[in-house]
1. For the stretch 216-223, state whether one or more residues are within 26 Å of Asp307 (Cβ to Cβ), touching an Asp or Glu at 6+ places or on another chain (Cβ under 8 Å), part of a helix (DSSP H, G or I) and at pLDDT 85 or above.
2. Looking at the structure I just gave you, is Lys71 assigned to a loop (DSSP other than H, G, I, E, B), under 19 Å from Pro186 (Cα atoms) and among the charged types (D, E, K, R)?
3. Based on this model, can you work out whether Thr198 counts as within 29 Å of His132 (Cα to Cα) and either modelled with pLDDT of 80 or more or touching a strand residue (DSSP E or B) at 6+ places or on another chain (Cβ under 9 Å) (or both)?
4. Could you list, in sequence order, all residues of the stretch 133-152 that are within 21 Å of His37 (Cα to Cα) and in a strand (DSSP E or B)?
5. Search the stretch 29-60 for residues being out of contact with any strand residue (DSSP E or B) (no Cβ under 8 Å at 6 or more places or on another chain) and either modelled with pLDDT under 90 or basic (Lys, Arg) (or both), and hand back the single one that is nearest to Ala111 (Cα to Cα).
6. Take the residues of the stretch 69-100 that are among the aliphatic types (A, V, I, L, M) and touching a His at 6+ places or on another chain (Cβ under 9 Å): which is surrounded by the fewest Cβ atoms within 10 Å (Cβ to Cβ)?
7. Across the stretch 275-301, what is the total count of residues that are surrounded by 11 or more Cβ atoms within 10 Å (Cβ to Cβ) and acidic (Asp, Glu)?
8. Does Thr53 qualify as being surrounded by 15 or more Cβ atoms within 10 Å (Cβ to Cβ), more than 27 Å from Ser178 (Cβ to Cβ), out of contact with any Gly (no Cβ under 8 Å at 6 or more places or on another chain) and not aromatic (Phe, Trp, Tyr)?
Amino acid sequence: MFLQRLTTAVLNLHQITVRLVLPSEEKRFQSLMQAHHYLGTLRKIGECLWYVTIWRDEWIALLSFSAAALKCAVRDQWIGWNYRNQYDRLHLLANNTRFLILPDWHYPNLASKTLSLCKKRVPDDWAKTFGHPLILLETFVDPQRFSGTIYKASNWLYLGQTKGYRRTTKHYSPTAQSPKNIFVQPLVSNAQAILSATVLDKTYQHGKPNMKLTAIQMESLPDFFKHIPDPRRAQGRRHRLKTVLSIAAGATLCGVKGYKAMSDWANSLGQKARARFLCRREEGSHVVPSEFVIRDVLVRVDPVALDRALGRWNEAYGEKDESLAIDGKTMCNAIDEQGHQAHIMSAVGHQSNTCHTQKKSVCCR
């Protein structure tokens, strides 16, 4: 013990390193975490990286980073994303789920130095291991045990407290128990703007929507829209209504959301796919409608006629559902002149995840 104390007394912070735990070292990592961390060990589930801090071949600290919390009101408010973007972009966040300074190594500034070294290497390690970047780190601190001093000293941002509900195997605990302090560490300067953007920057997109339509399905779409009245003036039309609606529907069926994303999806189509959507030919090539045209058509077209056409196409070509889920949402910012909020009721298929129909209603308070 005397020699150990003597060693810590001369520990040079410039000599410590942080690296990933090797597969052969994982049992040792779990054993130490179980023995010395008040929460015990944490299994590797999904995206997860374990780190060890080393000085002269001695393990002096352990850390783990895992997938971000599914829900956290104060974090989500700080980011500013909506619920749709939230679930699509959670993979860009990682949670510092464990941080342990091993016994006899509680040396001044060691914790902040370790966090600093982790911040520098976690983004690259995450990208190499899981194939996508990180934008934000988060952590939850129990105020009954710690004040979060090491995170404050490392310039992490304190956002507030959680509501105190604990995640269970099925849902969440029925009552609030122990609220946690939440800290975040942006890994890029404009993390909030990137995560809350309507269309995620291509740099941070994880893969791309897969084409889920067959050639026959693509060719069939225009025929279902041919009887819908065109709300545009005849003068200046460059793209047929059924072509614009078919491309918008095809993009949506392939998982694309938003006008800009629909336009990007259309531009990525090859000449054969464009021909199936009956795109016009210019100088020997098929051209697709612009983002402006797609937006203009979808804003002005008769929504009832569009919904019926999509329903008919789904009956003919969509995946069959054995059961439906009914889901209702309140559109917080959709308020009419009388101050009434709009509500949307949707019927979604369990097997296909397809929204078969939606009904709008207005709530009078």
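1. no
2. yes
3. When the stated conditions are applied, Thr198 does not pass them.
4. Once the filter is applied, which keeps residues that are within 21 Å of His37 (Cα to Cα) and in a strand (DSSP E or B), the stretch 133-152 yields Leu137, Glu138, Thr139, Phe140, Val141.
5. Arg56
6. Filtering the stretch 69-100 for residues that are among the aliphatic types (A, V, I, L, M) and touching a His at 6+ places or on another chain (Cβ under 9 Å), the one surrounded by the fewest Cβ atoms within 10 Å (Cβ to Cβ) comes out as Leu100.
7. Within the stretch 275-301, residues that are surrounded by 11 or more Cβ atoms within 10 Å (Cβ to Cβ) and acidic (Asp, Glu) number 2.
8. For Thr53, the condition - surrounded by 15 or more Cβ atoms within 10 Å (Cβ to Cβ), more than 27 Å from Ser178 (Cβ to Cβ), out of contact with any Gly (no Cβ under 8 Å at 6 or more places or on another chain) and not aromatic (Phe, Trp, Tyr) - is met.
The values are calculated or read from the model by the stated rules, or taken from the named source; none is laboratory data. Every value quoted in this text rests on a predicted model; they were computed, and no experiment measured them. Neighbour counts are summed over all protein chains in view; Cβ atoms, including those assigned to glycine, are modelled from backbone coordinates with ideal geometry.
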